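The values are calculated or read from the model by the stated rules, or taken from the named source; none is laboratory data. Every value quoted in this text rests on a predicted model; they were computed, and no experiment measured them. Quick reminder, even Gly has a Cβ in these numbers, built from the backbone with ideal geometry, and neighbours come from all protein chains shown. With ligands, DNA and RNA removed, areas are computed over all heavy atoms of the protein, side chains included. Shrake-Rupley method; radii C 1.70, N 1.55, O 1.52, S 1.80 Å.
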Amino acid sequence: MLTQPFAEALAEAEKIIAGAPHVACEQDLAEGYDYLAGSIQASLRLAWAYQRDFPYFVQSTGPYTKMGLDNPDTLYFHAYIRDDAEYVVTGRRGTTADLSFQVLKGDYSPVEVPDSLSAFDDRAIDIAADGSFELRFGPGQAGRNYFTLGAGSSMLLVREVYSDWGSERRGTISIRRDDRDPRSGWAPPPADTPALAKRYAVAGKILLSRLRTFLAFPEWFYLKEPVNMMTPPRSTPGGLATQFSSAGHFDLAEDQAMIVTVPAAGAATAPYQGIQLGSMWYVSLDYINHQTSLTADQARIDPDGQLRFVISERDPGVANWLELTGHRRGYVQIRWQRLTRDLTLQDGPQVQVIPFAEVAGRLPYYQRARVSPEQWRARIAARQAAVAERMLG
């Protein structure tokens, strides 16, 4: 059977899900199988998108194809490239808080993070008054809007990051090989049976690597840290330009709450600052129908300039509640992007774990932070509408 390698990979993938070390209850397993479904979709898409001579940008992750503690505020795109060819990237800058580019050597695997050969945001490029831009990536000498591909370059990543889901609008982007302009009659050869067999085999390899990698990833960067704490701000692993993060893992009972207090960075320091929760599968929680993430624009900033988030299963009745949605254990991460300076310990979060009954007394501006049930429903409705619009482009 032509699809046999992929079928075998599916069987192995199900064993990986069922045998994951954190699975402790039926909910964990059900979420794992849901995660598997998204991973299957993504693996097939990625295998068919492997077109280095006729590349196009594919959405790397999304609400139904999650991986790698995906940021709810980010649209992720990537295209496969080769280091000996020249590529033209054209687009129009949207109004999102950040737009960044990164060239990778290799791919994520269960034993290593790929090398970042180049990473920058759109401040490093010339953009026309109407928002249009053209970049070139190739073996030539670097210059303005030309970026040299280092040996082994294999993937171009693009991240478009929202801070205000309601008002910001995404841009557009496309890629082509400079010597394969479709207007000149170039086209990829039609697929034949051997090529399709190879793609099914590649999809199986992508699936297994994806699952194994992102079950191992938290061991490198999260689980060795003390529980219910967050690290000081540090440059995000993986070579991302002008991005810092603070990470941690939580273990909270239903009658407990975690209060995370962090200075609001402000647009002059970080146009994007956001916090999110993730499950033990190392993917974001449901950010469409529940408030499991907040940006500085979405959150309430207290009069003293601090952002105070309450992470709990029970509803504390405040605007900056992050819902656990039935998860006792998981991950929490704060990101700052498009930074104008390095962050220090003073820019980072302070964490308290307290009995849920004490939340009101531990929030200095509790009464100002209160929201009614009607206001909360309006917040969720706004999230649902904004994500739907963003997904439709």
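The table below lists the values:
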read-out	value
Residue match in segment 228-239 (condition: part of a loop (DSSP other than H, G, I, E, B) and crowded, with 22+ Cβ neighbours inside 10 Å)	yes
Where F54 falls short, out of the listed (1) in contact with a Phe, Trp or Tyr (Cβ under 6 Å, 6 or more places away or on another chain); (2) exposed (fewer than 15 other Cβ atoms within 10 Å of the Cβ)	(1)
Pick from segment 60-99, criterion farther than 21 Å from R212 by Cα, outside any loop (DSSP other than H, G, I, E, B) and of a type outside the set (A, V, I, L, M), ranking: most open to solvent (accessible area, probe 1.4 Å)	R92
Residue within segment 205-212 that is touching a helix residue (DSSP H, G or I) at 6+ places or on another chain (Cβ under 8 Å), assigned to a loop (DSSP other than H, G, I, E, B) and modelled with pLDDT of 95 or more present	no
Odd one out for K15 among (1) under 30 Å from E168 (Cα atoms); (2) at pLDDT 95 or above; (3) of a type in the set (K, R)	(1)
Positions within segment 8-49 being in contact (Cβ under 8 Å) with a residue 60 or more places away in the chain, hydrophobic (A, V, I, L, M, F, W, C) and in a helix (DSSP H, G or I), in sequence order	A9, L10, A13, I16, I17, L36, I40, A42, L44, L46, A47, W48
Segment 229-258: number of residues that are on the phi > 0 side of the Ramachandran plot and of a type outside the set (G, A, S)	1
Residue match in segment 373-382 (condition: buried (at least 17 other Cβ atoms within 10 Å of the Cβ) and aliphatic (A, V, I, L, M))	no
Residue in segment 40-58 that is of a type in the set (S, T, Y), touching a helix residue (DSSP H, G or I) at 6+ places or on another chain (Cβ under 6 Å) and either at pLDDT 95 or above or at negative phi (or both) present	yes
M280 surrounded by 20 or more Cβ atoms within 10 Å (Cβ to Cβ) and part of a loop (DSSP other than H, G, I, E, B)	yes
Filtered residue count, segment 175-211, keeping only those that are open to solvent by 60 Å² or more (accessible area, probe 1.4 Å), under 30 Å from E134 (Cβ atoms) and not aromatic (F, W, Y)	10
Residue within segment 154-172 that is open to solvent by 20 Å² or more (accessible area, probe 1.4 Å) and on the phi > 0 side of the Ramachandran plot present	no
